[in-house]
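Working notes for the structure below.
Since every read-out is calculated from the coordinates, none of them should be taken as a lab result. Just so it is clear, the model here is predicted, and its values are computed rather than measured. A quick note on method: Cβ atoms are made from the backbone with ideal geometry, for glycine too, and the neighbour counts reach across all protein chains shown.
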Amino acid sequence: MLIGVPYLWLVILFLIPFLIVLKVSFSEPTVSIPPYSPRLDISDGMSALWQQIRQFSIENYVFLIEEPLFYRSYLSSFTIAAIATFITLLIGYPLAYAMARAPRSWRAILLMLVILPFWTSFLIRVYAWIGILKKEGLLNQVLLAIGVISEPLTILNTNAAVYIGIVYSYLPFLVLPLYASLERMDDSLLEAAADLGCTPMKAFWTITLPISIPGIVAGCFLVFIPAVGEFVIPDLLGGSETLMIGRTLWVEFFNNRDWPVASAVAVVLLLVLVVPIALFQNAQARAEEKAS
Amino acid sequence: MKRTSWFNITSLVLGFSFLYLPILLLVIFSFNESRLVTVWGGFSTKWYSEMWQNQGLIDAAWVTLRVGLLSATIATVLGTMAALALSRHKRFAGRTLFSGMIYAPLVMPEVITGLSLLLLFVAIDFARGFWAVTLAHITFSMCFVAVVVQSRLVTFDRSLEEAASDLGCPPAKTFFVITLPVIAPAIIAGWMLAFTLSLDDLVIASFTSGPGATTLPMKIYSQVRLGVTPEINAVCTILLGLVTSGVLIASYLMRKEQQRSQFKSAAAP
């Protein structure tokens with residue numbers, strides 16, 4: 001019972017749906033309801049269903065290779081996610097470091113302050129940036145008022161806005177594991193280094209940074225993996241030149257109503273994401289082994 | 001002794017300003033008199049009263065609330081069962097597949113989860129709408145609950161249960177009297193996580209929803225695409241207030257509970 005119910009649930013609502021995606025990715029798009037052929041319908045009976053499963057075409061995958069939109073979307077998703085992860089690290093590291101160095105009595109509150117935005121709506125946090133970044137938005141008003149710029153900057157609907165959105169939304173995911181690894185660090189190491197005449201800067205590069213590497217790796221993957229498949233951020237903050245695969249899939253499905261191609265996009269996305277996910281799990285397993 | 005250097009203070013101030021300023025500005029501008037969201041025209045609560053007139057918004061809020069309560073509750077039951085199964089039974093047929101199915105949705109892009117569930121509902125002729133969204137939300141949030149509860153079960157001392165059963169306590173009673181109270185904080189945290197995930201989800205709901213089952217994020221999204229309005233700021237402010245106070249109250253209660261149990265164990269001889 002304990003195993004059976006959740007097991008069955010996940011097989012029906014997670015595994016089988018994914019197999020259907022795989023199957024539909026080998027179908028042909030048609031103008032019908034549902035818009036693919038052969039249709040997959042259990043009401044046709046088992047033998048008909050078997051017939052439907054047996055015929056397949058690889059045309060959608062050929063289309064994915066031939067049409068530059070798709071490989072450019074995959075490539076640009078990975079590039080955008082990688083750049084955004086790097087910026088998140090640059091902002092998140094000093095924050096996590098300062099939190100771990102803060103007086104003990106502050107730390108619980110600081111930790112709470114990092115976790116709190118994680119609970120509040122993703123959509124709302126992305127939406128908040130539209131009012132700030134748009135042409136007549138708050139950022140331009142402030143920059144114009146203090147005379148840094150003379151013309152309002154175009155930030156909204158560019159890749160820059162997408163970077164800001166990803167960094168902002170996923171910052172807690174990076175800060176939390178990083179904070180955990182920095183907080184565990186033994187302070188006497190730094191004191192010993194200082195006693196032996198090591199400058200604080202050198203102590204940071206030779207002691208603190210190497211110790212925090214597991215936290216950096218975990219945090220970066222936690223930002224990078226979800227950022228690759230992101231839809232809301234590129235859709236609301238990005239422009240027409242922002243190509244991200246989550247959005248391309250959405251457009252294929254909802255606007256072009258090409259379900260088979262959308263399914264093929266999903267299958268390939270999952271295949272390319274398996275690599276970073278496997279690397280992440282490998283790193284986690286090694287970190288756990290080291291800790292125990 | 002740790003020194004709080006200027007560099008660290010600057011990092012904290014800048015970091016937390018970055019995290020909180022956008023949300024703060026959104027809240028401030030929900031009280032703006034002017035329809036122009038980014039130009040301050042004086043204090044007003046008119047957008048809040050206007051919001052209550054918007055029937056579409058109220059309906060969407062109801063759908064979201066019902067989906068959230070229902071899916072979070074069922075997901076908590078299923079997720080707790082899955083967590084117990086994984087931590088109690090180290091070997092059973094298909095355990096690798098099972099744990100894979102628990103962890104995969106955590107890293108699966110939402111667009112893929114949404115698409116796959118939609119294709120399932122189409123294949124079995126299941127009407128898209130309220131129930132489809134609820135089923136979808138149960139499926140992905142039960143995995144989050146399972147992970148949260150499992151992390152608590154790792155530290156759980158099985159000898160307590162063994163002692164109870166040695167003393168002749170039936171398994172069901174052991175579960176409710178011994179196991180459940182110990183893992184209760186994790187279950188509550190899991191429920192809250194499942195509820196906020198459901199409250200927050202736009203992508204999966206967009207795939208699985210149908211006519212008459214528009215959720216609040218879908219409504220907000222469709223209005224945001226038309227532009228920023230103070231009315232949406234007002235809706236967002238209320239949502240932020242509800243979630244924030246929920247999280248703060250829950251963490252306060254949990255800390256009190258923790259202190260109490262620490263006190264109890266310290267007092268015990």
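Under the convention that each Lys and Arg Cβ holds +1 and each Asp and Glu Cβ holds -1, the size of the dipole of the range B:1-141 around its Cα centre is about 760 debye. Computed over chain A with a Gaussian network model linking Cα atoms closer than 10 Å, the most mobile of A:155, A:245, A:166 is A:155.
What is the total of Lys pairs in the protein assembly as shown with C-alpha atoms under 25 Å apart, excluding same-chain pairs fewer than 8 positions apart? The result is 9.
Run the dipole for chain A about the Cα centre, Lys and Arg Cβ at +1, Asp and Glu Cβ at -1, nothing else charged, and hand back the magnitude in debye, nearest 20. Mind dumping the intermediate values first?
On the way: 16 positive and 20 negative charges, 87 e Å.
Dipole magnitude for chain A comes out near 420 debye.
Averaging Cα coordinates gives a centre for the range A:93-119 and one for the range A:206-237; these two points are 18 Å apart.
Membrane-span-like helices in chain A (whole DSSP H runs, Cα extent of at least 30 Å along the helix axis, mean Kyte-Doolittle hydropathy of at least -1.0): A:68-101, A:159-183, A:259-291. When the charge dipole of the protein assembly as shown is built from unit charges on Cβ atoms (+1 for Lys and Arg, -1 for Asp and Glu) and taken about the Cα centre, the candidate among B:171, B:244, B:47 whose Cα reaches farthest toward its positive end is B:171. Distance between the modelled labels on residue A:90 and residue B:160, one decimal in nanometres: 4.8 nm (7 Å Cα→Cβ projection).
Within the range A:140-161, find all residues whose amide N lies under 15 Å from a label point positioned 7 Å from the Cα of residue A:240 along Cα-to-beta-carbon. Of the residues in the range A:140-161, A:157-159 have backbone N under 15 Å from the label point off residue A:240.
Over what distance in Å are the Cα centres of the range A:268-292 and the range B:51-82 separated? One Cα centre to the other: 33 Å.
Taking amide H atoms as placed 1.01 Å from N in the peptide plane, the amide H of residue A:28 lies under 5 Å from those of A:37, each 5 or more residues away in sequence or on another chain. Build a GNM of chain B with springs between Cα atoms under 10 Å apart, and of B:206, B:44, B:71 the one that fluctuates most is B:44. Among B:42, B:68, B:15, the residue with the largest mean-square fluctuation in a Gaussian network model of chain B, with springs joining Cα atoms closer than 10 Å, is B:15. Straightening the chain between residue A:255 and residue A:272 buys 3.7 nm, computed as 0.36 nm per residue apart minus the Cα-Cα spacing.
Give the calculated FRET efficiency between residue A:213 and residue A:151 to the nearest 0.05, with a Förster radius of 35 Å applied to their Cβ-Cβ distance. Show your work: numbers first, answer last.
On the way: r = 43 Å, r/R0 = 1.23.
For R0 = 35 Å, the calculated efficiency reads 0.20.
Dipole magnitude for the range B:55-216: about 340 debye, using +1 per Lys or Arg Cβ and -1 per Asp or Glu Cβ, origin at the Cα centre. Here the gap between residue B:39 and residue B:52, fully extended at 0.36 nm per residue and compared with their Cα-Cα distance, gives a gain of 2.3 nm. Packing-based ranking of A:203-214, B:129-140, A:11-22 yields B:129-140, A:11-22, A:203-214, ordered from highest to lowest mean Cβ neighbour count within 10 Å. Peptides A:91-101, B:234-244, A:107-117 ranked from most to least packed by the mean count of surrounding Cβ atoms within 10 Å: A:91-101, B:234-244, A:107-117.
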